[in-house]
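Presented below is the structure to which this report refers.
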Amino acid sequence: MSQTDNPDLTSRDLYGTWTTVSVRYSDLDPNGHVNNGAINQYFEDGRVGFRLQRLTSVAGDKLSGFAVVKYAANYLAPAHYPGEVEIGTVVTRIGGSSYGLGQAIFQNAKCVATAEIVTVQFDPAKSSSVPLSDEFRNVLEAAMAPTTG
């Protein structure tokens, strides 16, 4: 198993894959801050961007048989409208049938939220996990967070 020990998800230098999203007025809560549901959607947009930028070489546009089994977010500061947010995504762990992603959302160079995600590959017909292919593992390793020493 490959793993990056406790990467600092708030550091822009960690990320090699970026997705930019416009903040919508409808993303705001009554306090004028982007609400947590919208933040969670930005993280999903970042994972889709990661898939399109990094994983289509392995699976084309039909990346199925994967499911998010863990999602944990930390909300660090408010994000505001109008503007854009940048979502960084990086591989933090590669297991036998799963992989971990670290993500962060930045607005105006400030980290406003981080997330940790675990995704598992499964066989839909059997509803059980299956090992990651060597080809898929190689693509994930190329997107792995740098190790700190």
> Excluding the sites themselves, what is the longest stretch of the chain that contains no trypsin sites (Lys or Arg not before Pro) in a DSSP loop with at most 10 other C-beta atoms within 10 Å?
Replying inline: 63-125
> Given 0.36 nm per residue, what is the gain on full extension from residue 67 to residue 138 after removing their alpha carbon distance, in nm?
Replying inline: 23.6 nm
>> With n ≥ 4 as the cut-off for DSSP H runs, can you work out [θ] at 222 nm for the chain, using -39500 (n - 2.57) per run divided by the number of residues, rounded to the nearest 500?
In response: -5500 deg cm²/dmol
> According to the Kirkwood expression over distinct Cα-Cα pairs, how big is the hydrodynamic radius of the chain, in Å?
Replying inline: 15.9 Å
> Label points 7 Å out from Cα along the Cβ direction at residue 125 and residue 74: separation in nm?
Replying inline: 4.3 nm
> Rounded to the nearest whole Å², what accessible area per residue is found for the stretch 2-149 with the 1.4 Å probe?
Replying inline: 53 Å²
> Relative contact order, percent, of the stretch 96-149 when contacts are C-alpha pairs under 8 Å separated by at least 6 residues?
Replying inline: 30 percent
> Using the Cβ atoms and a cut-off under 11 Å, what net charge is assigned to the surroundings of residue 20, where Lys and Arg are +1 and Asp and Glu are -1?
Replying inline: -3
> Got a number for carbon plus sulfur as a percent of the chain's accessible area, 1.4 Å probe?
Replying inline: 46 percent
> When the Kirkwood radius is taken over all Cα pairs of the stretch 1-71, what Stokes-Einstein diffusion coefficient follows at 25 °C and 0.890 mPa s, in µm²/s?
Replying inline: 167 µm²/s
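The values are calculated or read from the model by the stated rules, or taken from the named source; none is laboratory data. In this text, all values refer to a predicted model and were calculated from it rather than measured experimentally. Cβ sites come from the backbone with ideal geometry, for glycine too, and all protein chains shown count toward neighbours. These accessible areas exclude ligands, DNA and RNA; they are computed on the full protein's heavy atoms, side chains included. Shrake-Rupley method; radii C 1.70, N 1.55, O 1.52, S 1.80 Å.
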